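The values are calculated or read from the model by the stated rules, or taken from the named source; none is laboratory data. Just so it is clear, the model here is predicted, and its values are computed rather than measured. So basically every Cβ, Gly included, is an ideal-geometry build from the backbone, and we count neighbours across all protein chains shown.
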Amino acid sequence: MGNSNRAIIIGLFFGMIGLIFIIRLFVLQIVDPSYKFSAESNTQRKITEFPTRGLIYDRNGKLLVSNQPVYDLMIVPREVVPFDTVDFCNALNITRSELDRLFEEVRFNLQRRRISSFRPSVFYKQLPAEQYAILQEKLYKFKGFFVQRRTVRKYEYPNAAHVLGYVAEVGETLLQSDPYYSLGDYTGISGIERTYETFLRGQKGARYVMVDVHGREMGSLRGGRMDTSAVAGSDVALTLDIELQAYGEKIMQNKIGSIVAIEPSTGEILALVSSPSYDPSLLVGRQRSRNFPILSSDTLSPLLNRAIMSGYPPGSTFKVLMALVGLQENVLSPTTRYPCHQGYTARGIHVRCRPHASPISLVPSIAVSCNTFYCHVFRNVLDNPIHGSPQEGLEQFRNYLLNFGLGTRLGSDFFNENRGFVPTRGYYDRIYNGRWGSLTVLSLGIGQGEILTTPIQMANMTAAIANRGHYFTPHVIKEIENDTIPSRFKVPHHTGIDSVHFGPVIDGMEESVWSDVGATARIARIPGISISGKTGTAQNPHGENHSIFVAFAPKDDPKIAIAVYVENAGYGSTYAAPIASLMVEKYLNRAIHSSRGWIETRMMNANFINESTE
C-alpha cells in the first residue's frame with residue numbers, strides 16, 4: 001500500500017473521530033440541555049418573586065385580611081451533597097424521620113411529576129421569620145438549598161371565616177388547567193379567596209442572581225436586566241359590616257345555625273354568620289396541616305357554611321309568600337275571612353292551629369300565624385280553575401317560588417350555594433303514580449313537607465318583600481381595585497307579584513311584632529324602630545324543632561333584611577326572633593337599648609350545642 005493511500009486512511013480515521021466529537025458536542029450542548037443546566041445552576045439561579053395578595057376590607061374601610069412574610073426552603077436536587085443531618089434538623093426544628101419524608105417527596109416529584117433535578121422546588125414550606133433567621137446563619141453549610149420569600153394571610157379579626165375562605169396549595173387539577181400555577185403555589189380554596197382569586201393573586205415576577213459554589217447569592221445576573229417585578233394583587237372591599245358580623249358570631253356561640261343580613265336596596269350582604277365557626281387564622285401557614293383535619297372531623301361541622309349550604313323547611317315564615325301568591329292569583333283579598341277552630345280538617349286530614357280569634361282575615365292571619373287560613377289559600381291556588389288541574393296549579397305555584405329565588409342558586413359570589421328544593425309536578429307523579437291533588441301536598445302551604453330553603457334564600461325573599469317586588473342578587477363584593485364588580489349584582493330581579501299586593505302582607509308582618517292581640521313576635525320589638533317580621537318553626541324529625549325568624553326594618557325605608565335559623569331551639573319566637581331583633585338594632589343604632597339588655601344576655605348565654613349533643 002502506497003504512502004498516499006496510508007495517509008488517506010489515517011486522515012479519514014482522524015476525520016471520523018473529529019466528526020464523532022462534533023456530533024457529541026452538538027448533542028450535549030444543543031439536544032441534551034442537562035449539562036447546560038448543570039453549568040448554569042452552579043453559577044446562576046432564578047428566584048420567583050411571589051406577589052402579595054390583595055388586601056381585604058369591610059364596607060367601612062376596616063382592614064380584615066393582610067399579609068405576613070414566610071420563607072420556603074428550596075432545593076435543587078442535583079446540587080445537594082452529603083451534609084450534617086443533625087445540624088440541618090436542628091436548624092429546621094424537625095426530626096430525622098420528617099427529614100426522610102421530605103426527601104421522599106422530592107424523589108416522588110422527580111420521578112412521578114417529571115420535575116428536572118436541576119430545577120428548584122419547595123423542600124420545606126412556610127418557615128416563620130424567626131425560624132428563618134436561625135436557618136440563614138447555617139444555610140451556607142447545605143449546598144443545594146436556598147430560601148425564597150413569600151407571604152401568607154394575616155387575619156385582623158377572628159371572624160367571617162366562611163365569607164373570607166382560606167388559601168392552600170394548588171392541587172393537580174388546577175396545575176393542569178391553569179398555566180399560571182406551578183407546583184408549590186397557593187390559591188384560594190373557598191369563600192372570597194376562591195371567587196376573586198384572579199384579582200387577589202397578582203402576577204408573579206422573577207429575579208436572576210449569580211451564586212457561588214456554596215449556593216450563596218453573589219449579586220444580580222446581568223445587572224438585573226432579566227428581572228421582572230411581581231405585581232401585587234388587587235385590594236377588595238366587602239359589603240360586610242365587620243362589627244355586625246362579629247356581634248352575630250358572638251350571639252350565635254354555643255348554637256347551631258346561621259344569620260344572613262342583606263341591604264334590600266342593593267343586595268349587599270351585611271353579615272353572613274354560620275355557627276359553629278372557627279378562627280380563620282387556624283388555617284394559615286404550617287399549622288393548617290394540623291388544624292384542618294381537626295376541623296373537618298369535628299361532628300359539629302364548623303367548616304360547613306350553613307348560611308348557604310343547609311336546607312331547612314321554611315315553616316311559617318313561608319306564609320307571607322303564600323299570601324302574596326294567593327293575592328296575585330286572585331283567590332285571596334285583604335278582606336277574605338276563614339273560620340278556624342284550632343285547625344284545618346278535610347277528608348280525614350287534620351292540620352292543627354293555635355287558638356286565636358275566628359274568623360280571621362289576611363293581616364291578622366300573618367300576625368297570629370294561622371295554619372287554617374293558609375291551608376285554604378294553598379288549596380285555592382292549586383285548584384284555581386284557570387290552571388286546569390292541581391298538577392298544573394302546582395307548576396304555576398312553583399314558578400312564583402323560583403321568581404323569589406327559592407329552589408335555585410341565587411348566583412351569589414359563593415361557588416357552593418345550595419339550590420334548596422321546590423318539588424315539581426313530576427316529583428309527586430313518581431311518588432303517587434300521578435294520582436294526587438292539592439290535599440295530598442297540603443303541608444307545602446304552611447312551609448313544611450318536601451320544600452327546603454337555605455337561610456340566604458330566606459333573607460333574599462325578605463329583601464324582595466321589603467322592596468315590594470324585586471331583589472338584587474345577594475353578594476359580598478363591594479369594590480375591586482382598578483376594576484368593577486360583576487354586572488349581575490346590579491340587575492334587579494322581579495318576582496312577578498304586583499307591587500300593590502305587598503302592602504297588606506307587610507302590614508301583617510308589622511302586626512306580627514307590634515299587635516297586642518296574638519302577635520307571635522312581640523319579643524322582637526325595638527324601641528324607635530319599625531321592624532316587621534314573621535316567625536317560623538321548622539319541624540325536625542331528629543329532635544327539637546328549628547327556630548326561624550325573618551324580618552326587615554325600618555318598614556317604610558328598609559335598610560336591613562334578615563333571616564335567622566337556630567337549630568334545635570324550638571319556636572321561632574323563642575330564640576330566632578330576639579336574635580334577629582338584636583342584629584337589626586345593632587346595625588341601625590350601633591348599640592342595644594338598656595331596656596333590652598336582659599334579652600341580649602339571655603341570647604348570649606343560650607347553649608344548644610351541649611344540650612343537642614348530650
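Restricting to helices (runs of 4 or more DSSP H) lying wholly in the range 260-374: which have 2 or more residues that are out of contact with any strand residue (DSSP E or B) (no Cβ under 9 Å at 6 or more places or on another chain)?
Values: elements: 288-297, 306-309, 319-328, 362-368.
It comes to 288-297, 319-328, 362-368.
Of the numbered conditions (1) under 30 Å from Ser333 (Cβ atoms); (2) touching a residue at least 24 places away in the same chain (Cβ under 8 Å); (3) out of contact with any Ser or Thr (no Cβ under 6 Å at 6 or more places or on another chain), Ala521 satisfies every one except a single condition; which is it?
The number of the failed condition is (3).
Out of all the residues in the range 416-446, which are outside any helix (DSSP H, G or I) and farther than 22 Å from Arg347 by Cβ?
We begin by selecting, within the range 416-446, every residue outside any helix (DSSP H, G or I); these are 416-424, 433-441.
Within the range 416-446, Asn416, Glu417, Asn418, Arg419, Gly420, Phe421, Val422, Thr424 qualify.
For the range 594-603, check the following and say yes or no: at least one residue is of a type in the set (A, V, I, L, M, F, W, C), within 15 Å of Ile256 (Cα to Cα) and in the same structural domain as Val273 (by TED's automatic domain parsing).
Our first condition is that a residue be of a type in the set (A, V, I, L, M, F, W, C); within the range 594-603, this holds for 598-599, 603.
Imposing the further condition that a residue be within 15 Å of Ile256 (Cα to Cα) reduces the set to 603.
Pick out the ones that are also in the same structural domain as Val273 (by TED's automatic domain parsing) and you get 603.
Yes.
How many residues does the range 498-525 hold that are of a type in the set (Val, Ile, Thr) and surrounded by fewer than 23 Cβ atoms within 10 Å (Cβ to Cβ)? Break it down into steps so the answer makes sense when it comes.
We begin by selecting, within the range 498-525, every residue of a type in the set (Val, Ile, Thr); these are 500, 505-506, 513, 517, 520, 523.
Filter once more, so that each one left must be surrounded by fewer than 23 Cβ atoms within 10 Å (Cβ to Cβ): 500, 506, 517, 523.
Counting residues in the range 498-525 that are of a type in the set (Val, Ile, Thr) and surrounded by fewer than 23 Cβ atoms within 10 Å (Cβ to Cβ) gives 4.
What pairs come up if the first residue lies in the range 556-572 and is farther than 23 Å from Ala464 by Cα, the second is surrounded by 23 or more Cβ atoms within 10 Å (Cβ to Cβ) and among the aromatic types (Phe, Trp, Tyr), and their beta carbons are under 7 Å apart, counting only those six or more places apart or on different chains?
Ala569/Tyr575
How about the range 407-434: which of its residues are charged (D, E, K, R) and either surrounded by 15 or more Cβ atoms within 10 Å (Cβ to Cβ) or at pLDDT below 95 (or both)?
Taking the range 407-434 as the starting set, the residues that turn out to be charged (D, E, K, R) are 409, 413, 417, 419, 425, 429-430.
Correct list: Arg409, Asp413, Glu417, Arg419, Arg425.
Please find, within the range 118-164, the residue that is farthest from Leu99 (Cα to Cα) out of those that are touching a Phe, Trp or Tyr at 6+ places or on another chain (Cβ under 9 Å) and small (Gly, Ala, Ser).
Per the criteria, the residue is Ala161.
Being at pLDDT below 90 and of a type outside the set (S, T, N, Q) is the filter; apply it to the range 180-195 and report the residue that is farthest from Pro302 (Cα to Cα). Step through it out loud before you land on a result.
Step one: filter the range 180-195 for residues at pLDDT below 90, giving 182-185.
Now restrict to residues that are of a type outside the set (S, T, N, Q): 183-185.
On the way: Leu183: 29, Gly184: 27, Asp185: 26 Å.
Ranking the qualifying residues of the range 180-195, first place goes to Leu183.
How many residues are crowded, with 22+ Cβ neighbours inside 10 Å and part of a loop (DSSP other than H, G, I, E, B) when one looks only at the range 574-584?
Of the residues in the range 574-584, the ones crowded, with 22+ Cβ neighbours inside 10 Å are 575-584.
Now narrow it down to the ones that are part of a loop (DSSP other than H, G, I, E, B): 575.
The total comes to 1.
Can you work out which of the residues in the range 87-129 that are of a type outside the set (Phe, Trp, Tyr), in a loop (DSSP other than H, G, I, E, B) and touching a residue at least 40 places away in the same chain (Cβ under 8 Å) is surrounded by the fewest Cβ atoms within 10 Å (Cβ to Cβ)? Before you say what the answer is, go through the steps one by one.
Going through the range 87-129, the residues of a type outside the set (Phe, Trp, Tyr) turn out to be 87, 89-102, 104-107, 109-117, 119-122, 125-129.
Still in the list and also in a loop (DSSP other than H, G, I, E, B): 93-95, 112-117, 119-120, 128.
Now narrow it down to the ones that are touching a residue at least 40 places away in the same chain (Cβ under 8 Å): 113, 115-117, 119-120, 128.
Numbers: Arg113: 11, Ile115: 17, Ser116: 15, Ser117: 20, Arg119: 18, Pro120: 23, Pro128: 14.
Only one residue fits best here, namely Arg113.
Against the conditions (1) outside any strand (DSSP E or B); (2) in contact with a Phe, Trp or Tyr (Cβ under 9 Å, 6 or more places away or on another chain); (3) buried (at least 22 other Cβ atoms within 10 Å of the Cβ), where does Asn540 fall short? Just the number, please.
Evaluating Asn540 over (1) outside any strand (DSSP E or B); (2) in contact with a Phe, Trp or Tyr (Cβ under 9 Å, 6 or more places away or on another chain); (3) buried (at least 22 other Cβ atoms within 10 Å of the Cβ) leaves (3) as the failure.
Residue by residue, here is whether (1) within 16 Å of the chain's Cα centre (by Cα); (2) modelled with pLDDT of 85 or more; (3) closer than 26 Å to Phe472 by Cβ; (4) not assigned by TED's automatic domain parsing to the domain that holds Tyr155 holds:
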{"position": "Gly205", "(1), (2), (3), (4)": "no, yes, no, no"}
{"position": "Gly215", "(1), (2), (3), (4)": "no, no, no, no"}
{"position": "Lys250", "(1), (2), (3), (4)": "no, yes, no, yes"}
{"position": "Glu263", "(1), (2), (3), (4)": "no, yes, yes, yes"}
{"position": "Val273", "(1), (2), (3), (4)": "yes, yes, yes, yes"}
